[in-house]
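Working notes for the structure below.
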Amino acid sequence: MKNQKLCGILPALLTAFTDDGIDCAKVARHTKYLADAGVHGLYVGGSTGEMILMSEDERKTLLETVIESVGDRLTVIAHVGTTSTRGALELARHAEKAGAHALSSVTPLYYRYSFREVKHYYERLAGETVLPVIIYNIPVLTGTTLSTDQLAEILSIPNVGGMKFTSSDFFQLERIRAMFPDKVFYNGSDEMLCSGLAAGADGGIGSTYNFMPKTILSIYRAFRANDPATALKYQAKANEAIATVLKYGVMPSAKMILKLKGMDHGECREPFMPLGEEAIEALKALEVE
């Protein structure tokens, strides 16, 4: 049976930094803002959270801060993907002890691993915890493109509970959805949330959800209410902002928009660079909520 607790709209949480670590107070403030807006959960420590720019201890601190700040209000999915299986397993064990509701991981990073190696990685991860494991399929960043049959093999691993699908191949999403009606599937491309929901996604995980949760929730609620025209209207509204964010860089732009809304998250870590005046002025002109 599908885990309904995992369904819905989950911001891929940004990470607020100090000069030498995680800014726990700003993280807690932001999670409260998102909870008050009505999101269903949080996806912590993923690409949007700058996970590869953080130490293992920082990732643990971030997750603990989020779980402590949201209590029972939101579902928390801990992203544990990193450059080694050993590191991912350590983060998985920590996430279970910390009280996360599920785990997630990108396919193994950097090297062009074989499918046999990718599948074995998820078998190791799923066998390490009682928490459901959500595959994070994002070929554009990982360089790993999996066929429908290969995804089906991984989704058949015991304790794999679903997939975050960040791709425009919605035919593949629909086919996988039909094969696994009891798994949870998330759309991962913010600008195509309507398309993902139409292909069978149970919700979405996205970067821009951090600064316009109400607009994203309006897309989701309208679609669930069988009102596609309204869903498309809100998708178009969201895409006006997304187009600008994509132009200047997703994470730096998202943090700047939060700053403009009174929730300063600081800068992204290098090699990201601060935004220029042109970008800041363009972001100021956006109307987001």
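The table that follows gives values for the structure above.
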read-out: Some residue of the range 48-61 being touching a strand residue (DSSP E or B) at 6+ places or on another chain (Cβ under 6 Å), farther than 26 Å from T215 by Cβ and β-branched (V, I, T); value: yes
read-out: Filter result for L232 (out of contact with any Leu (no Cβ under 8 Å at 6 or more places or on another chain) and assigned to a helix (DSSP H, G or I)); value: yes
read-out: Residues of the range 1-18 satisfying the condition of being surrounded by fewer than 23 Cβ atoms within 10 Å (Cβ to Cβ), out of contact with any Pro (no Cβ under 9 Å at 6 or more places or on another chain) and not aliphatic (A, V, I, L, M); value: Q4, K5, C7, G8, F17, T18
read-out: Per-region count, the range 145-194, residues under 14 Å from I134 (Cα atoms), out of contact with any Gly (no Cβ under 8 Å at 6 or more places or on another chain), touching a residue at least 40 places away in the same chain (Cβ under 8 Å) and not small (G, A, S); value: 1
read-out: Cβ-Cβ under 9 Å pairs, at least 6 apart or on other chains, the range 259-273 side on the phi > 0 side of the Ramachandran plot and part of a loop (DSSP other than H, G, I, E, B), far side among the hydrophobic types (A, V, I, L, M, F, W, C) and surrounded by 14 or more Cβ atoms within 10 Å (Cβ to Cβ); value: G266/A16; G266/F17
read-out: Qualifying residue in the range 136-149 (condition: of a type outside the set (S, T, N, Q), within 22 Å of R86 (Cα to Cα) and either part of a loop (DSSP other than H, G, I, E, B) or modelled with pLDDT of 95 or more (or both)); value: yes
read-out: Residue selected from the range 24-55 under the condition in a loop (DSSP other than H, G, I, E, B) and not polar (S, T, N, Q), by the criterion nearest to the chain's Cα centre (by Cα); value: G46
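Per-residue answers, yes or no, for (1) at positive phi; (2) of a type in the set (D, E); (3) touching a Cys at 6+ places or on another chain (Cβ under 9 Å):
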| site | (1), (2), (3) |
| --- | --- |
| S168 | no, no, no |
| E174 | no, yes, no |
| D182 | no, yes, no |
| F185 | no, no, no |
| L197 | no, no, no |
| D202 | no, yes, yes |
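The values are calculated or read from the model by the stated rules, or taken from the named source; none is laboratory data. Note that this is a predicted model, so its numbers are computed, not measured. In this analysis, Cβ positions are derived from the backbone assuming ideal geometry, glycine residues included, and neighbour counts consider all displayed protein chains.
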